[in-house]
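The values are calculated or read from the model by the stated rules, or taken from the named source; none is laboratory data. Computed from a prediction, not measured in an experiment: that's the story for all the values here. FYI the Cβ positions are ideal-geometry reconstructions off the backbone, even for glycines, and counts take in every protein chain you see.
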């Protein structure tokens, strides 16, 4: 985790001004990213649960890695989906002439909107309490998630 910006103190005519704008912008950005990361983990679990119900889904590591999510820092958004060229990803999601549409990714999002809002709200409500916000922004954000078997 990067260093949290310190407040800027300016003294002018005996009055001390303290600006915490950069610190607040940093905390909002990190809380947003952490919330998106947890939503991604949640959706990936739901997608795997749904995929396991389908015939032909193998329990090896390859299908478990087929469902992924990416939290992009610059755009501050979440991308979730099936990794390209893995386990017939596009055919399972979108369908084709010979394969009916399964909609695993899109259904997992649409069926869990309330839970996604709850997860996001848990993080974004921490903006009011700086210590709680810092506690929610964890250092293990780049660690690999253990695959559920």
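Does residue 121 fit the bill of being at pLDDT 80 or above and within 14 Å of residue 34 (Cβ to Cβ)? The answer is yes for residue 121.
Restricted to region 5-32, and to residues that are loosely packed, with under 11 Cβ neighbours inside 10 Å and not in a strand (DSSP E or B), which residue is modelled with the lowest pLDDT?
Applying the first criterion (loosely packed, with under 11 Cβ neighbours inside 10 Å) to region 5-32 yields 6, 9-18, 21.
Pick out the ones that are also not in a strand (DSSP E or B) and you get 6, 13-14, 21.
Details: 6: 78, 13: 86, 14: 86, 21: 84.
Only one residue tops the list, namely 6.
Residue 99 passes every criterion in (1) surrounded by 11 or more Cβ atoms within 10 Å (Cβ to Cβ); (2) at pLDDT 85 or above apart from (2).
Taken together, 57, 67 contain a single residue that is touching a helix residue (DSSP H, G or I) at 6+ places or on another chain (Cβ under 6 Å), farther than 29 Å from residue 29 by Cβ and either at pLDDT below 85 or surrounded by 15 or more Cβ atoms within 10 Å (Cβ to Cβ) (or both), which is 57.
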